[in-house]
Amino acid sequence: MPAITEVWKVLFKRPFTNRFPAKYAPRSVHGFVRRVQAGKAKIAPPVPTPPNFRGKINYEVDKCIGCGLCIRVCPTKAIVWRTVEVEQGEKKVAKKKVKIFVSRCCFCSQCVDICPKDCLSMSDEFLLANEDKLANELIVL
Amino acid sequence: MEMSDEALYTIPVGPVHPALKEPIELDLRVEGERIVGVDVKCSQAHRGIEWLGMNRNNSIQNIYLAERVCGICNVCHPYCMVLAVEEAAGIEVPERADYIRTIVAEMERIHSHLLWAGVAAHEIGFDTVFHYTWALREEIMDAIEYVTGNRVTKGIMMIGGVRRDITKEREERIRKALRYYEEKFEKIEDLVLHDKTIRMRTRNVGILTREDALKLCAVGPVARASGVPKDVRQDYPYGAYADIGVRAILPDQYTGEIIGDVYDRIVVRLLEVKQSIQIIHDALDNIPQGDIVAEKNLVKLLSMLKRAEGEGIGRVEAPRGEDIHYVRLRQGEEPFLSWKIRAPTYNNVLPWIPMLLGAEIADVPIVAASTDPCMSCLNRVTVVDESSRKEFTLTKERMHEMSVRKTRRMMRHV
């Protein structure tokens with residue numbers, strides 16, 4: 001059994017997996033989250049993301065010209081139109097902008113590639129789990 | 001054992017579980033523990049992927065849809081699709097893009113084969129090897145994440161090239177992963193191929209003869225383990241494989257003989273990991289400079305594809321075998337006119353019939369796993385006693401337990 005020597009070696013090594021988010025399983029996950037929010041407990045850090053990682057999308061509304069190319073290439077149809085009222089002098093002008101539903105996003109960053117004004121980019125943020133898929137932090141305006 | 005009606009049972013294995021990618025139903029006729037008849041019923045999960053590609057999406061959106069045909073082969077499917085679209089639209093791919101595609105496809109092969117080795121070990125109850133190979137697999141997953149930006153759905157394919165270049169740092173990261181596997185390869189080989197338990201459970205089990213493999217059109221490692229030197233990378237080279245020169249790996253290179261059993265399939269897959277390491281080294285050494293995509297402007301590309309008319313076929317050697325996509329484009333329409341996907345598991349399911357004939361029920365998990373299908377199919381098994389019309393259910397866990405017990409029983413008698 002060549003496996004036995006390997007098993008013995010592994011016994012004295014540090015665990016291979018990164019213990020995230022807590023070193024040991026908390027008795028109650030909700031309790032742990034509350035303790036973290038209150039600053040009483042700390043989250044064990046996740047494995048750092050590599051450069052050019054594709055995480056939650058960033059959107060700079062002011063740069064957007066409303067061309068709609070991102071809507072055209074989005075494979076999951078996570079991007080939809082929205083109209084914004086912008087004050088131009090005295091008049092209010094309706095301008096076309098987009099709204100991105102992160103819960104539908106498949107993180108391919110195709111919209112980032114096609115955007116002519118570079119107003120879309122991918123961040124490092126990946127802790128996006130939420131009970132409500134339409135939560136405010138999952139809709140990028 | 002005497003043949004009598006009372007001793008004959010039919011065990012339907014499968015068919016559907018919501019988490020499956022390829023649900024399948026196996027009807028096994030058993031006499032005691034021996035399997036005397038096998039029937040396979042396919043096509044139980046229709047997700048309408050081809051329909052979506054023909055009605056809802058444009059060509060660029062289809063790349064990401066093709067990526068989601070299979071979670072493990074998520075480079076080969078889009079690779080295959082973009083090859084077909086490029087042929088249909090007459091797009092010439094830059095040479096550097098061909099090399100990058102080859103490198104990413106081979107990285108995927110390493111991860112897929114290591115994942116499979118773990119699953120196969122788990123099926124015979126050898127969880128030490130299962131955890132060991134999956135821990136080893138993390139290194140290539142990290143390298144893939146570094147190069148493409150994501151661990152699983154890599155999103156690197158683009159019609160006419162690739163989306164990310166292999167820079168100096170990325171090349172270093174890949175070389176580091178390859179060095180890691182070169183160091184560890186002997187240990188994997190020792191753990192898997194020289195182990196008495198694995199040899200006992202897999203030698204002369206699930207034999208597929210060369211004739212049957214040819215007759216049933218087996219593809220990939222299953223066909224090669226039966227002595228059919230069939231490999232798309234060798235027969236119809238695409239990407240950079242023509243420059244590198246890939247030879248199909250047969251098990252007799254290692255064991256000196258071809259039996260076509262589960263052990264031979266393990267040998268072929270492990271040797272292919274070694275071959276993939278060599279291919280990536282060669283590709284990284286000879287990668288030419290230049291563009292990585294034929295048309296940088298995606299808006300121009302979209303209108304070019306809208307104007308294109310024609311048909312194309314993409315053939316790619318996926319980790320499980322030959323993958324084929326057929327695409328037809330019509331002028332003035334963004335979605336494909338037709339899109340047909342033939343995944344390798346489709347061919348490798350029928351060989352289950354000769355493999356399972358004469359085997360025991362406890363061998364079903366490892367024999368089925370040896371073709372690398374989606375194994376969750378075995379989640380529910382109903383055993384019907386034909387004479388008394390009595391039904392009872394064999395779960396996947398129970399079947400797994402039977403398999404583990406067989407390993408223990410064999411160990412005791414050594």
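The values are calculated or read from the model by the stated rules, or taken from the named source; none is laboratory data. Predicted model, so just to flag it, every value in this text is computed and none were measured. So basically every Cβ, Gly included, is an ideal-geometry build from the backbone, and we count neighbours across all protein chains shown.
Couple of notes before you dig in:
- Summed over the stretch B:46-74, the residues that are under 16 Å from residue A:106 (Cα atoms) and either outside any helix (DSSP H, G or I) or of a type outside the set (A, V, I, L, M) (or both) give a count of 10.
- Total residues in the stretch B:13-51, condition at pLDDT 60 or above, surrounded by fewer than 17 Cβ atoms within 10 Å (Cβ to Cβ) and over 20 Å from the mean Cα position of the chain (by Cα): 11
- Within the stretch B:234-248, considering residues that are part of a loop (DSSP other than H, G, I, E, B) and more than 10 Å from residue B:98 (Cβ to Cβ), the one modelled with the lowest pLDDT: B:245
- Some residue of the stretch B:136-145 being under 30 Å from residue B:404 (Cβ atoms) and within 9 Å of another protein chain (Cβ to nearest Cβ): yes
- Number of positions in the stretch B:245-262 that are more than 17 Å from the chain's Cα centre (by Cα) and buried (at least 24 other Cβ atoms within 10 Å of the Cβ): 2
- Per the conditions (1) away from chain A (no Cβ under 12 Å); (2) surrounded by fewer than 22 Cβ atoms within 10 Å (Cβ to Cβ); (3) within 30 Å of residue B:90 (Cα to Cα), the sole criterion not satisfied by residue B:153 is (1).
- Out of B:138, B:182, one residue alone is in contact with a helix residue (DSSP H, G or I) (Cβ under 9 Å, 6 or more places away or on another chain) and in a helix (DSSP H, G or I). It is B:182.
- Those residues of the stretch B:120-133 which are part of a helix (DSSP H, G or I) and either touching a Lys or Arg at 6+ places or on another chain (Cβ under 6 Å) or facing chain A (nearest Cβ under 9 Å) (or both), in sequence order: B:128, B:129, B:131, B:132
- In the stretch B:66-89, the qualifying residues are those that are small (Gly, Ala, Ser) and within 15 Å of residue B:336 (Cα to Cα), and the one that is farthest from the chain's Cα centre (by Cα) is B:89.
- The one condition in (1) away from chain A (no Cβ under 12 Å); (2) among the acidic types (Asp, Glu); (3) within 30 Å of residue B:351 (Cα to Cα) that residue B:183 fails to fulfil: (3)
- Residue A:132 vs. criteria outside the structural domain of residue A:17 (by TED's automatic domain parsing) and either of a type in the set (A, V, I, L, M) or within 21 Å of residue B:163 (Cα to Cα) (or both): no
- Check on residue B:86, part of a helix (DSSP H, G or I), more than 12 Å from chain A (Cβ to nearest Cβ) and over 24 Å from residue B:221 (Cβ atoms): yes
- Residues of the stretch A:110-129 that turn out to be within 12 Å of chain B (Cβ to nearest Cβ), assigned to a loop (DSSP other than H, G, I, E, B) and over 12 Å from the mean Cα position of the chain (by Cα), as a count: 2
Quick grid of which residues meet (1) in contact with a Phe, Trp or Tyr (Cβ under 7 Å, 6 or more places away or on another chain); (2) outside the structural domain of residue B:38 (by TED's automatic domain parsing); (3) surrounded by 19 or more Cβ atoms within 10 Å (Cβ to Cβ):
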{"position": "B:167", "(1), (2), (3)": "no, yes, no"}
{"position": "B:172", "(1), (2), (3)": "no, yes, no"}
{"position": "B:176", "(1), (2), (3)": "no, yes, no"}
{"position": "B:181", "(1), (2), (3)": "no, yes, yes"}
{"position": "B:187", "(1), (2), (3)": "no, yes, no"}
{"position": "B:193", "(1), (2), (3)": "no, yes, no"}
{"position": "B:196", "(1), (2), (3)": "no, yes, no"}
{"position": "B:202", "(1), (2), (3)": "yes, yes, yes"}
{"position": "B:208", "(1), (2), (3)": "no, yes, yes"}
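- Some residue of the stretch B:270-282 being among the small types (Gly, Ala, Ser), within 26 Å of residue B:181 (Cβ to Cβ), out of contact with any Pro (no Cβ under 7 Å at 6 or more places or on another chain) and crowded, with 19+ Cβ neighbours inside 10 Å: yes
- When the residues of the stretch B:141-156 are filtered to those that are over 19 Å from the mean Cα position of the chain (by Cα) and not in a loop (DSSP other than H, G, I, E, B), the one that is nearest to residue B:327 (Cα to Cα) is B:148.
- Filtered by the rule that a residue be assigned to a helix (DSSP H, G or I), closer than 21 Å to residue B:290 by Cβ and within 12 Å of another protein chain (Cβ to nearest Cβ), the stretch B:157-179 gives B:169, B:170.
- Filtering the stretch B:327-376 to residues that are in contact with a Phe, Trp or Tyr (Cβ under 9 Å, 6 or more places away or on another chain) and within 30 Å of residue B:303 (Cα to Cα) leaves B:327, B:328, B:329, B:330, B:338, B:339, B:340, B:341, B:342.
- Residue that is farthest from residue B:82 (Cα to Cα), among those in the stretch B:300-314 that are surrounded by fewer than 16 Cβ atoms within 10 Å (Cβ to Cβ) and within 29 Å of the chain's Cα centre (by Cα): B:311
- Odd one out for residue B:221, checked against (1) in a loop (DSSP other than H, G, I, E, B); (2) within 19 Å of the chain's Cα centre (by Cα); (3) within 19 Å of residue B:123 (Cα to Cα): (1)
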